[in-house]
Amino acid sequence: MPPTDSLLSLESTVCDLGRYHLQVEVGLSCAEIWPILNQYPKLPGVVLLRQGQWYGMIPRLPLMELMLRSHLEGNLKTLTLAIAHSYHPQMPLCMAAETPILTAAQQALRRSLPDQSAPIVVQESTGDYSLLDAHELNVAHWQLRGIEVQSRYERTQIHMIRHDKMANLGRLVDGVAHEILDPVGFIWGNLSHIADYTEQLLQVVAAYRQQGALLPEMGLDEEELDYLQQDLPKAIASTQTGAKRLKNLASSLQNFCHMDEVYPKPADLHEALDSLVLLVNSRLNGEVHLTRTYGHLPPLTCHIGQLNQVFITLLLQFVDELLSDVAHRSVAANLATALPSQAIAPPMPDISITTQVLSPSDRHQPTWTSREQDSFEAWIQATAHAQAIAPSAQRWISIQVSRNGAPWTAAQHQELANALASDRWHQPLALSHRMIAAHGGCLRWRSPHRDGVGAAFEVLLPLV
């Protein structure tokens, strides 16, 4: 049968292409096949069967040459397909109809040069055999290559537009934070002077009160004046606290939105983590406790903007999990008709950030999982080679983000592995993995984390 046109996609398989179905018994005479080949000039060959079972395949060109020579010699009627096959006994390329077109084309291109034009045998789902023209497969292959290039171009365009949008948003937020910092700086700078002036004025008022000459002129009684003297310093201190929080928040926002330079620069990871914690606090709503345990870390030469994005992704992952758990427990408590008096209250949801410098003896931790878990030692060797040092002398920085609560289920483990294995840019964890890998580091995780509960991420960055 002639090939049929169909719309192809990158997921198209061989069964989406036109195939030729001609299966005959090997005992058949070539003279009986001659009219069929003349009727279908595009038929690429003949599939041979013996008692309904696979026997072989003869391409059209060798078969036609053999039949023409036999016709000239006058023995075409005695020439059987079995004899014709003995002149061309090579094993053809066979594949299932569900084989992707791109895979089929790669297999076809691996054949020797004389066999490049030979048809491909396709085994149908019914068990029958059909033939796929090599030229038809090559045309489909180049069509899909064009689709793949176009798709990659469109993804690149979308990524560039998204990157440009985020860059513009970052510059906008950075500008807004700068505009906030200017007046806050004025307020913060003047509040200390106002506090000093207020203290001096209160001292003057206290001196006048000792003389008893000020009260009739001010129209204030003793209680009002005492309250004023006590509350005014508190109001100024409260204003200073609010201005300081606003200044820290604007500074954290400015640091987070700061665009990285072309080359990495030394950065303080603890300062970056503190800024991110300040931004994440708005999501905690007092329902999640966050603790920090910092070791002594030297400045790390890195793109701090990229690492900020990694850390905020890991923090928000655990914040969402704990807040979801809190919401489920709240609903369960509201639906419960009675709670046992001896029931133990669940622990306060907690996220912990721990930093430290790991020595070579700390690298063997089999409970951790990573995308590179099968080649973790190879990763250590590669990073040590990049630093031009021996693996035994290598050190790296560990930033561990962990939570308490229920451990991940098997489905969550698989979902996490799929997210990290994805090459799509819209996957936050996959993007985080790429950023860590670009720094020569590794992202690992485990659950349960401690005492059969919780979960943890660990970012390992080589210390140069």
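The values are calculated or read from the model by the stated rules, or taken from the named source; none is laboratory data. None of these values were measured; they are calculated from a predicted model. For neighbour counting, all protein chains shown are included, and Cβ atoms are generated from backbone atoms with ideal geometry for every residue, glycine included.
Of everything listed in (1) closer than 23 Å to Leu316 by Cβ; (2) touching a helix residue (DSSP H, G or I) at 6+ places or on another chain (Cβ under 7 Å); (3) at pLDDT 75 or above; (4) surrounded by fewer than 16 Cβ atoms within 10 Å (Cβ to Cβ), the single unmet condition for Leu276 is (4). Selection within region 81-114: residues that are closer than 22 Å to Asp16 by Cβ and polar (S, T, N, Q). The member of this set that is nearest to the chain's Cα centre (by Cα) is Thr103.
Put simply, of Leu76, Leu102, Leu113 the only residue that is among the hydrophobic types (A, V, I, L, M, F, W, C), out of contact with any strand residue (DSSP E or B) (no Cβ under 6 Å at 6 or more places or on another chain) and loosely packed, with under 12 Cβ neighbours inside 10 Å is Leu113. Taken over region 280-300, the criterion of being under 20 Å from Ile436 (Cβ atoms) and surrounded by 15 or more Cβ atoms within 10 Å (Cβ to Cβ) is satisfied by Val280, Leu297, Leu300.
Within the set Arg162, Arg209, Arg245, the sole residue that is basic (Lys, Arg), more than 30 Å from Leu279 (Cα to Cα) and modelled with pLDDT under 80 turns out to be Arg209.
When Ser117 is tested against (1) among the polar types (S, T, N, Q); (2) more than 18 Å from Ser12 (Cα to Cα); (3) under 40 Å from the mean Cα position of the chain (by Cα), just one condition goes unmet, and that condition is (3).
Hey, among His88, His21, which residue is in contact with a helix residue (DSSP H, G or I) (Cβ under 6 Å, 6 or more places away or on another chain) and closer than 20 Å to Ile120 by Cβ? If you could, list the steps in order and put the result at the bottom.
Working: His21 fails: in contact with a helix residue (DSSP H, G or I) (Cβ under 6 Å, 6 or more places away or on another chain).
On inspection, the qualifying residue turns out to be His88.
How about region 216-227: which of its residues are surrounded by fewer than 14 Cβ atoms within 10 Å (Cβ to Cβ) and either part of a helix (DSSP H, G or I) or at pLDDT 80 or above (or both)?
Taking region 216-227 as the starting set, the residues that turn out to be surrounded by fewer than 14 Cβ atoms within 10 Å (Cβ to Cβ) are 216-219, 221-224, 226-227.
Passing the criteria: Pro216, Glu217, Met218, Glu222, Glu223, Glu224, Asp226, Tyr227.
Take residues that are without any contact (Cβ under 8 Å) to a residue 40 or more places away in the chain and within 17 Å of Leu131 (Cα to Cα) and tell me which of the helices (runs of 4 or more DSSP H) falling wholly in region 3-115 contain 1 or more. Before the answer, list the steps.
Details: elements: 30-39, 60-73, 81-86, 101-109.
Here the list reads 30-39, 60-73, 101-109.
When Lys42 is tested against the conditions (1) exposed (fewer than 14 other Cβ atoms within 10 Å of the Cβ); (2) over 19 Å from Ile120 (Cβ atoms), the lone failure is (2). In the set (1) within 30 Å of Ser9 (Cα to Cα); (2) buried (at least 19 other Cβ atoms within 10 Å of the Cβ); (3) of a type outside the set (S, T, N, Q), Gly56 fails one condition alone, (1). Working only within region 274-295, note down all residues that are part of a helix (DSSP H, G or I) and either of a type outside the set (Ser, Thr, Tyr) or farther than 25 Å from Gln254 by Cβ (or both). Within region 274-295, Asp274, Leu276, Val277, Leu278, Leu279, Val280, Asn281, Arg283, Leu284 qualify. Quick one: in region 315-372, of everything that is modelled with pLDDT under 70 and among the charged types (D, E, K, R), which residue is surrounded by the most Cβ atoms within 10 Å (Cβ to Cβ)? Ranking the candidates gives Arg371 first.
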